[in-house]
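Below is one structure, written out as structure tokens; the observations come after it.
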Amino acid sequence: YYDEDYYKRSPGQDPQGPAFGSFRVLRGGSWFYSLTRLTRSARRGRDVAGRRDDRVGFRVVRDFD
């Protein structure tokens with residue numbers, strides 16, 4: 001779950017995140033938005049827990065073969 005201040009008080013190693021909350025964490029950018037900061041793979045945000053959206057979670061993969 002998402003907690004804006006979680007990392008200020010979380011363990012320094014292997015933080016698991018909050019055990020409950022109203023929002024889930026969104027990781028990764030999206031092809032949908034035109035603003036560069038919203039398309040970055042390092043983007044983090046939040047959304048209502050349980051909501052599905054195909055415009056978030058974009059990942060860039062490089063194949064070395």
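The values are calculated or read from the model by the stated rules, or taken from the named source; none is laboratory data. Source: prediction; values computed, not measured. We place every Cβ from the backbone using ideal geometry, glycine too, and count neighbours over all the protein chains shown. Note: areas computed on protein heavy atoms with side chains; ligands, DNA, RNA excluded. Shrake-Rupley method; radii C 1.70, N 1.55, O 1.52, S 1.80 Å.
When residues in the stretch 22-41 are screened for being part of a loop (DSSP other than H, G, I, E, B) and either buried (at least 16 other Cβ atoms within 10 Å of the Cβ) or β-branched (Val, Ile, Thr) (or both), 2 of them pass.
Contact annotation: residue pairs with Cβ atoms under 9 Å, 6 or more positions apart or on different chains, pairing a residue in the stretch 42-65 that is of a type in the set (Lys, Arg) with a partner that is modelled with pLDDT under 80 and open to solvent by 80 Å² or more (accessible area, probe 1.4 Å), are Arg43/Arg27; Arg43/Arg37; Arg43/Phe58; Arg44/Arg27; Arg55/Trp31; Arg55/Phe32; Arg55/Tyr33; Arg59/Arg27.
Based on what the data block shows, is Gly28 free of Cβ contacts under 8 Å to residues at least 40 places away in the same chain, at positive phi and not β-branched (Val, Ile, Thr)?
Yes; evaluated as a whole, the condition is true for this residue.
The set of residues from the stretch 1-20 being surrounded by 10 or more Cβ atoms within 10 Å (Cβ to Cβ) and not in a loop (DSSP other than H, G, I, E, B) comprises Tyr6, Tyr7.
For the stretch 1-43, the set of residues classified as among the small types (Gly, Ala, Ser) and either farther than 19 Å from Val61 by Cβ or modelled with pLDDT of 85 or more (or both) consists of Ser10, Gly12, Gly17, Ala19, Gly21, Ser22, Ser34, listed by residue number.
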